[in-house]
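A.B. asks: Mind having a look at this structure? Questions to follow.
The values are calculated or read from the model by the stated rules, or taken from the named source; none is laboratory data. The shown structure was predicted, so the numbers you read here are calculated from the model rather than taken from an experiment. Ideal geometry is used to build each Cβ from the backbone, glycine not excepted, and the neighbour counts take in all protein chains shown.
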Amino acid sequence: MKLEQILIVDDEAAICASLECALEEEYEVFIANKPSEVYECLRNNNIKIMILDLKLGKYNGLDILQEVKKYHIGIEVIVITAFSSIDTTIKAIKGGAYYYVSKPVNIKDLKSLINNALKHQQLNNEIVHLNEEIEKGHKLGDIIGKSESIKEVFQLINKVKDIDCNVLITGESGTGKELVARAIHYLGNKRNEHLEVVNCAAIPSDLLESELFGYAKGAFTGAVHDKAGKFEIANKGTIFLDEIGEMDIQLQSKLLRVLQEKKVTQLGSNKERKIHVRIVAATNRILEEEILKKNFREDLFYRLNVIQIKMPSLRERKEDIPLLIGHFIRKYSKEYNKTIKEIDRNVLKFLECYDYKGNIRELANIVERLIILCDDSKISYKDIPIDMRQSSSKDNFHSDKIAIQIGESLKEAEKKIIENTLKGNHGNKRLTAAVLGISERTLYYKIKEYKIKV
């Protein structure tokens, strides 16, 4: 049976020898006396537990801990500390240490800690694996969700991914329209061909034509050689025209001709080039309304709108929020080398109730911010910026007006205000106190005085 590997980090040879002797029957033990030896050992072995003396001669054990948790997140670190260094111990625990033992080390206690740390490590690995499996079960490409509305999107993607037809993706900004376009391309039979992405809103209209169709040498000042456009590059593959509703009406006419004739002509050239490209377009505008305003060609709309996939807003798929939060926590924890193992249920409730005007893009931004601000392994309510809490509180009220009758006492009016604010904040007392500009202690007193049900 293969033994689990443990690394002892201490500059005192006697302590290293003593610990090695006590542990070598149950574990494969490695010794390191300085940082360079620690990092070399971690690179070359599968260390599960590290026992680290925080007082390491001229080296700072906290610095070693920080480096280890930055690049080897899964390793559990047990720190050895002097009884007097309580501040350092607290810093070590906040820095990701599993636990600590005081000098002189009690071997029985240390073995118990190692055993518990290994169980904790195994449980975390199982949770990560389970979360990944759950996500896989509710995932298509990079789109995540289990709501009925997102399942309908999955079904449509699976129906069109191998069919050479034009697709129009509609929905608010931040709902994941580009993810749908990528899923259609990379999950379908064109996956080995080019996918070219063009944001019609990001490129000035006078440059967009040459970007799409290319140009010949001498077509304009600076055109020193022929350049293929996105349509030619995407030949036999897919072109994704994002924000198609922003395209200039004159350029729409040229795009329509390309769709009808399946040929492109470079700027400054008379030569037509045949193309065979699947077009996927996306917009956050209601194109039917734009047609009535003469901003979008009706004939182009019908050419693009062979199959329409409507991306639901996050407000329409609230049940997907926990899955998305878990996905973004894993993503940004890895990106910022953080060990986030837990999220406070009040934070989860807050995020589930939040009004995401920017949809998934805004949710991702919020989770990224929480990961950056989080000082330990658990995202807590204090990590939510106060301006965001106050904004959410205002958005959660059905009305910012409270019916207070003439002749009511100040106490009756105050009770109504507190009740309404609590309701708007889903019973969260800390947030309610912040919105009302009073302390939590005062709020608790008022709740008790007015017998407010929370």
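A.B. asks: Ala181: at pLDDT below 95, outside any strand (DSSP E or B), out of contact with any helix residue (DSSP H, G or I) (no Cβ under 7 Å at 6 or more places or on another chain) and among the aliphatic types (A, V, I, L, M), yes or no?
C.D. replies: no
A.B. asks: Could you check Asp376 against (1) in contact with an Asp or Glu (Cβ under 9 Å, 6 or more places away or on another chain); (2) surrounded by fewer than 19 Cβ atoms within 10 Å (Cβ to Cβ); (3) modelled with pLDDT of 70 or more and say which number it fails?
C.D. replies: Failed condition: (1).
A.B. asks: Return yes when Ile143 is modelled with pLDDT under 95 and either of a type in the set (Lys, Arg) or buried (at least 17 other Cβ atoms within 10 Å of the Cβ) (or both) and no when it is not.
C.D. replies: Yes: the conditions hold for Ile143.
A.B. asks: Anything in segment 234-256 that is of a type in the set (A, V, I, L, M) and closer than 27 Å to Lys161 by Cβ? List them, or say none.
C.D. replies: Passing the criteria: Ala234, Ile239, Leu241, Ile244, Met247, Leu255, Leu256.
A.B. asks: Oh, and also: Taking into account only those residues within segment 255-281 that are surrounded by fewer than 19 Cβ atoms within 10 Å (Cβ to Cβ) and part of a strand (DSSP E or B), which is farthest from the chain's Cα centre (by Cα)?
C.D. replies: If we take residues in segment 255-281 being surrounded by fewer than 19 Cβ atoms within 10 Å (Cβ to Cβ) and part of a strand (DSSP E or B), then Glu272 is farthest from the chain's Cα centre (by Cα).
A.B. asks: Something else about it: Within segment 321-343, count every residue that is in contact with an Asp or Glu (Cβ under 6 Å, 6 or more places away or on another chain) and at pLDDT below 85.
C.D. replies: So the count comes out to 0.
A.B. asks: Is it the case, given these coordinates, that Lys448 is part of a helix (DSSP H, G or I), exposed (fewer than 15 other Cβ atoms within 10 Å of the Cβ) and modelled with pLDDT of 80 or more?
C.D. replies: Against the criterion (part of a helix (DSSP H, G or I), exposed (fewer than 15 other Cβ atoms within 10 Å of the Cβ) and modelled with pLDDT of 80 or more), Lys448 qualifies.
A.B. asks: Further question: Here are the criteria: (1) buried (at least 17 other Cβ atoms within 10 Å of the Cβ); (2) in contact with a strand residue (DSSP E or B) (Cβ under 8 Å, 6 or more places away or on another chain); (3) of a type in the set (S, T, N, Q). Tell me which single one Thr175 does not satisfy.
C.D. replies: The single condition Thr175 does not satisfy is (2).
A.B. asks: Go through segment 300-317 residue by residue and tally those that are over 20 Å from Phe240 (Cβ atoms) and outside any loop (DSSP other than H, G, I, E, B).
C.D. replies: 3
A.B. asks: Okay, moving on. Here are the criteria: (1) in contact (Cβ under 8 Å) with a residue 12 or more places away in the chain; (2) more than 27 Å from Lys70 (Cβ to Cβ); (3) in a helix (DSSP H, G or I). Tell me which single one Leu363 does not satisfy.
C.D. replies: Answer for Leu363: the failing condition is (2).
A.B. asks: Name the residue that is surrounded by the fewest Cβ atoms within 10 Å (Cβ to Cβ), counting only residues in segment 53-97 that are at pLDDT 85 or above and β-branched (Val, Ile, Thr).
C.D. replies: Ile75
A.B. asks: Also, quick follow-up: Do any residues in segment 197-223 that are assigned to a strand (DSSP E or B) have Cβ atoms under 6 Å from those of residues that are among the hydrophobic types (A, V, I, L, M, F, W, C), where the two are at least six apart or on different chains, and which pairs are they?
C.D. replies: What qualifies is Val197/Phe240; Val198/Leu241; Gly214/Ala228; Tyr215/Ala223; Tyr215/Leu267.
A.B. asks: Next question. Can you pull out every residue in segment 29-85 that is free of Cβ contacts under 8 Å to residues at least 12 places away in the same chain and hydroxyl-bearing (Ser, Thr, Tyr)?
C.D. replies: Ser36, Ser84
A.B. asks: Just a yes or no: is a residue in segment 213-234 at pLDDT 95 or above and surrounded by fewer than 18 Cβ atoms within 10 Å (Cβ to Cβ)?
C.D. replies: yes
A.B. asks: Under 8 Å by Cβ, and 6 or more places apart or on different chains, what pairs join a residue from segment 371-384 that is within 18 Å of Lys70 (Cα to Cα) with one that is among the basic types (Lys, Arg)?
C.D. replies: Correct list of pairs: Ile371/Lys338; Cys374/Lys338; Asp375/Lys94; Asp376/Lys94; Ser377/Lys341; Lys378/Lys341.
A.B. asks: Of all the residues that make up segment 283-295, how many are closer than 17 Å to Val167 by Cβ and surrounded by 16 or more Cβ atoms within 10 Å (Cβ to Cβ)?
C.D. replies: Going through segment 283-295 one residue at a time, the tally reaches 3.
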